[in-house]
Amino acid sequence: MYQWDFGILWSYRWLFLNGLGVTVGFTVVIVILGVVFGLFGAFGSLSRFKAVRMLALTFIEAFRCTPILVQLIWFYYALPILAGVEMTPITASALALSLYGGSFYSEIIRGGIISIDRGQSEAGAALGMTPGQSMRRIVLPQAIKRMIPALMNQSIIQFKNTSLVSVLAVPDLVYQSQVAAHDSYRPLETYTAVAVAYAAILIPLTILVRRGEKRLAVSE
Amino acid sequence: MSETSKIEIRGLRKSFGSNEVLKNINLDVAKGGVVALIGPSGSGKSTLLRCINLLVAPDGGSVRVGDTRFAFGDGTKLPDVKTLAKFRATTGMVFQHFNLFPHMTTLQNVMEGPVTVRRMTRADAERLARAQLAKVGLAEKADQYPATLSGGQKQRVAIARALAMEPDVMLFDEATSALDPELVGEVLAVIQQLASEGMTMVIVTHEIAFAREVADRLIFMRDGVVVEEGPARQVIDNPQEAATRAFLSHFHRTGALPPANATP
């Protein structure tokens, strides 16, 4: 029978906290950047111009249909050779994760926009609104409400995806715990603690999302 | 007639794919005139109505409302979005399914056009919106959301929203078709009031008795062509074409209008 000893992790507490800080900070950055890419992808794929639509769809499918781990490695090792730009591991992984997340956000935002009844934008047009005005005043306010649960969900997945940046030696929670595990010879305790840390942050968030969904359902 | 007419449509054609929905339509509506468009579903009457404010872009022919004229056909470019928006601001449209903005109160729905399109101040727009809501008998519903209103009330708000743009013409696209029978009367009463005030209107409807009362001209369409047109009472009471007779035989053509529950 294995003798658990979580006490030994206490001496690595600053390492863990440091890693957790990087993980959370990284998530904030890639969620914000991801939504920005998502907006470009969504409006691009709804564009009147075919070339813009094709460009947006190429972006979305390229990042949605390849594994994030491969993208991370490719951005760090292959892109510098192809494009001649050197990137730090942090830049490369922030870029890869934002674009990956952006491809999913694109689909969520696009889906939210097209879920709004055509009659709504027609009513806006009939009043004399330009397509831009009816998007801002009529369609988006309704669509955003519908998108929020799915955007939150995707952001939770993004939070967990940050664990992959350890392969590029970005000192996030997983990377630091690898250090701790090697040092303490206690991988079971270390990774159990890491799993608990992720869950401790995400479970309250998922509860919040579910509450938000219920509130939205009531107001509709 | 074309000198004095408010709406003038010439040689209008529209196809959806290989389906030709409008085949060479001509239509004149005099200033202050009320034209009812009737016909079986798929006859093209709704598409014709939507061509008047260019919600549907015609393939050929021309559309004129007031002093603004657009020609369509090979080689003519569609008007740009700004021109279209400006044009549509002068035509009010009421839809079968109301299409109220669910995220806004009744008052905000009616204020939206004046504020966003006409760039009125909020205070002026609110005054105008409250007056329009009072006109359709819904002043006390100003702060409610559309979801809490009955179908008839929703449609009256939609009419107030269109009127707040102070349009030159009003287009009604089966405005009572989605309503429970007991709610039809209150909407028709509002339309009738508009007619008596001299609003130029084109009304796509299945309410034949109403068309007979309110419209001065009636157009019967089938398969994308105008089969018969003339003074409303004359066409309804004494149709000349076999197709018109066959269509009208499905309706009670005369008699009292449905009672109006509203007190506008």
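What follows draws every value from the coordinates through simple rules; no lab data is involved. Keep in mind that this is a model prediction, so the values were computed, not measured. We place every Cβ from the backbone using ideal geometry, glycine too, and count neighbours over all the protein chains shown.
In table form, for the structure just shown:
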| read-out | value |
| --- | --- |
| Student exercise, chain A dipole from Lys, Arg, Asp, Glu Cβ charges, in Debye to nearest 20 | 860 debye |
| Shielding by partners - mean other protein chain Cβ count within 10 Å, residues of A:117-124 | 6 |
| Those aspartates and glutamates that a straight Cα-Cα span of less than 18 Å connects to B:Lys135, excepting residues fewer than 8 apart in one chain | B:Glu112, B:Asp124, B:Glu126, B:Asp143, B:Glu166, B:Asp168, B:Glu186, B:Glu197 |
| ³J(HN,Hα), Karplus 6.51/-1.76/1.60, whole Hz, each residue of the stretch A:109-116, x for Gly, Pro | 5, 4, x, x, 5, 6, 6, 7 |
| Under 15 Å from A:Lys160, Cα to Cα: aspartates and glutamates that are on another chain or at least 8 residues apart | A:Asp172 |
| Charge dipole (debye, nearest 20) of chain B; +1 at Cβ of Lys and Arg, -1 at Cβ of Asp and Glu | 560 debye |
| Dipole of the stretch B:70-226, positive end: most advanced residue of B:Phe210, B:Met120, B:Val187 [Cβ charges, Cα centre] | B:Met120 |
| Distant alpha-carbon pairs in the stretch B:53-101 (separation over 12 angstrom), percent | 68 percent |
| Average other protein chain Cβ within 10 Å of Cβ, residues B:91-101 | 4 |
| Kirkwood-type radius of the stretch B:1-107, with distances r between different C-alpha atoms, in Å | 15.1 Å |
| Sum of -39500 (n - 2.57) over DSSP H runs of 4+, divided by residues of chain A (222 nm, nearest 500) | -25000 deg cm²/dmol |
| Positive-pole candidate from A:Leu168, A:Ala180, A:Ala199, dipole of the stretch A:163-220, charges at beta carbon | A:Ala199 |
| Distant-in-sequence amide H partners of B:Thr200 (H built 1.01 Å from N, under 5 Å) | B:Gly32, B:Met170 |
| Estimated distance in nm for a label pair at A:Arg136 and A:Thr88, the labels positioned 7 Å out from Cα along Cα-to-Cβ | 3.7 nm |
| Prolate/oblate/rounded label for the stretch A:23-71 (Cα gyration tensor, a/c 1.5) | oblate |
| Estimated FRET transfer efficiency when R0 is 30 angstrom, pair A:Asn153-B:Phe16 (beta carbons, to 0.05) | 0.20 |
| Which listed pairs, of A:Lys50/A:Lys214; A:Lys50/B:Lys23; B:Lys6/B:Lys154; B:Lys23/B:Lys77, have C-alpha distances above 32 Å, in listed order | A:Lys50/A:Lys214 |
| Estimated 222 nm signal from helices in chain B, with DSSP H stretches of n ≥ 4 weighted -39500 (n - 2.57), rounded to 500 | -9500 deg cm²/dmol |
| Quarter of the Cα convex hull surface for the stretch A:51-167, i.e. its orientation-mean projected area (nm²) | 8.9 nm² |
| Charge dipole (debye, nearest 20) of the stretch B:105-225; +1 at Cβ of Lys and Arg, -1 at Cβ of Asp and Glu | 360 debye |
| Distance between modelled label sites at A:Arg48 and A:Ile144, nm, 7 Å Cα→Cβ extension | 2.5 nm |
| Positive-end extreme of charge dipole, the protein assembly as shown - chosen from A:Phe43, B:Leu27, A:Met1 (charges on Cβ) | A:Phe43 |
| Percentage, to the nearest whole number, of Cα pairs in chain B over 33 Å apart | 19 percent |
| Per-residue mean of C-beta atoms belonging to partner chains within 10 Å, peptide A:128-139 | 5 |
| Most to least packed among A:198-204, A:11-17, B:164-170, A:87-93 [average Cβ atoms within 10 Å] | B:164-170, A:87-93, A:11-17, A:198-204 |
| Nitroxide proxy distance, nm - points 7 Å out along Cα→Cβ at B:Leu78 and B:Ala57 | 0.3 nm |
| Rounded to 5, the percent of DSSP beta bridges in chain B classed as antiparallel | 60 percent |
| Distance cut-off 39 Å, percentage of C-alpha pairs in the protein assembly as shown lying past it | 42 percent |
| Chain lengthening between B:Arg69 and B:Ala30 when straightened (0.36 nm per residue, less Cα-Cα) | 12.5 nm |
| Antiparallel bridges, percent of DSSP beta bridges restricted to the protein assembly as shown (to nearest 5) | 60 percent |
| Filtered GluC sites (Glu not before Pro), the stretch B:1-52: DSSP coil and at most 13 other beta carbons within 10 Å | B:Glu3 |
| 4 °C / 1.567 mPa s Stokes-Einstein diffusion coefficient of the stretch A:132-220, Kirkwood radius on C-alpha pairs, µm²/s | 82 µm²/s |
